[in-house]
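Each reported figure results from applying straightforward, stated rules to the coordinates on display, with no laboratory input. Predicted model, so just to flag it, every value in this text is computed and none were measured. Here the Cβ is made from the backbone with ideal geometry for all residues, glycine too, and neighbour counts use every protein chain on show.
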Amino acid sequence: MRWENLTNDESGEQRPAASPAALFGTGAVIRRFDTPEFRGITFHEIRARSIINRVPGASRMPFEWTVNPYRGCSHACVYCFARKTHSYLDLDTGLGFDSQIVVKVNAGDLLRRELAAKRWHGAHIAMGTNVDCYQRAEGRYALMPRILAALRDYANPFSILTKGTLILRDLPLLKESAQVTEVGVAVSVGFLDQELWRTVEPGTPAPQRRLDVVRTLTAHGIGCGVLMAPVIPFLSDSPEQLRATVRAIAAAGATSVTPLVLHLRPGAREWFMAWLAEHHPHLVHRYRTMYAGGSYAPTWYQRQITRQVHEFAQEAGIGPSGRGAARRIPVPERTADATADATAEPEEATQLTLL
């Protein structure tokens, strides 16, 4: 890996290695290990140099900054566009992405320090846009409570996208944050088909459990939208399937539904096509034709899906979501040490986008 020169040997001493410059900086790696309760998964605990990442300028996303406490994701969604990011660490974008999880154990403290920096002006921070911050590893490391507490204390607006039910653990922090700043939450539910879910998203909670999250958040005053993603061509895109999914989303109390057709970027494309050849070989040629032009389905197809979902949403009575203005509260006084530490400009890590 790119941090192999920082690996500790059996004596605990840091040993050098002839590898490229470490991605996370000198002293970043703490340890790596397997654990029985997460059989088949290896955690790489590291100390990150920065935690607030800038989204590339060419992105079409409506936010500029993200926080990602993990790299790799045990949700193991075969289509995940973030798989390519594992290659930056010299890790496999297939099984390696699913089972080699990088954990930024200092994420909460580092975020608090960066929010305290004079150069930070309280811009919106998006989470869950690369890998899920509420994947299974979060149950072990509990990084999000410290992250949410820092955002709350600095009244910094933020949003979360997740497939995980563990977000309900942090409901009190979300409610506290919503009292002082703008908080947006969305859950990803692309379809209801149980057989499809078990093979294409094997590490995620079932779609109905995710809709229970929407229902619970809404009941506690946290408006929750649904990213209906991905809509998978020829497998979850029939009008009957789309209507059933939208109706279930509406019944859960979602504030909005936004469809997103499957896109296949390098890294994810190869892994998805291998899955398709195993489970739905009759569709391989159709996919090669549909995605011959690149990572995205043809524009006409995307527009067709969007139109149908919007029609079904109107039929189901899902109204448009609104954006409230963020409120500000006085932030804690910075200590001299924190101010000094925060003067360094954070590393601008590359962040993939959802669209």
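Just check the stretch 105-146 against the gyration tensor rule for me: Cα atoms, a ≥ b ≥ c as the square roots of the eigenvalues, rounded for a/c under 1.5, and otherwise prolate or oblate depending on whether a/b exceeds b/c. The shape class here is oblate.
For the peptides 288-298, 212-222, 257-267, residues were scored by their other Cβ atoms within 10 Å and the scores averaged per peptide; the highest-first order is 257-267, 212-222, 288-298. With the largest listed first and rounded to whole Å, the semi-axes of the equivalent ellipsoid of the stretch 55-164 from the Cα gyration tensor are 24, 16, 12.
The distance from the alpha carbon centre of the stretch 207-246 to that of the stretch 75-123 is 25 Å, rounded to a whole number. Leu173 sits among other residues whose Cβ lies under 12 Å from its own Cβ, and their net charge, with Lys and Arg +1 and Asp and Glu -1, is +1. When the pairs Lys118/Lys175; Lys84/Lys163; Lys84/Lys175 are compared against a 31 Å limit on Cα-Cα distance, Lys84/Lys175 fall above it. Modelled label positions at Val284 and Leu95, each set 7 Å beyond Cα in the direction of Cβ, lie 2.0 nm from each other. Each of the peptides 108-116, 167-175 was scored by the mean count of other Cβ atoms within 10 Å over its residues; in descending order, highest first, they stand as 108-116, 167-175. Gain on full extension, evaluated as 0.36 nm per residue between Thr199 and His310 minus their Cα-Cα distance, stands at 37.2 nm.
Taking the Cβ of Gly267 as the centre, find all other residues whose Cβ is under 14 Å away and add up their charges (Lys, Arg: +1; Asp, Glu: -1).
My count for the surroundings of Gly267 gives +1.
Taking 7 Å steps out from each Cα toward its Cβ at Arg215 and Ala277 produces label points 4.2 nm apart.
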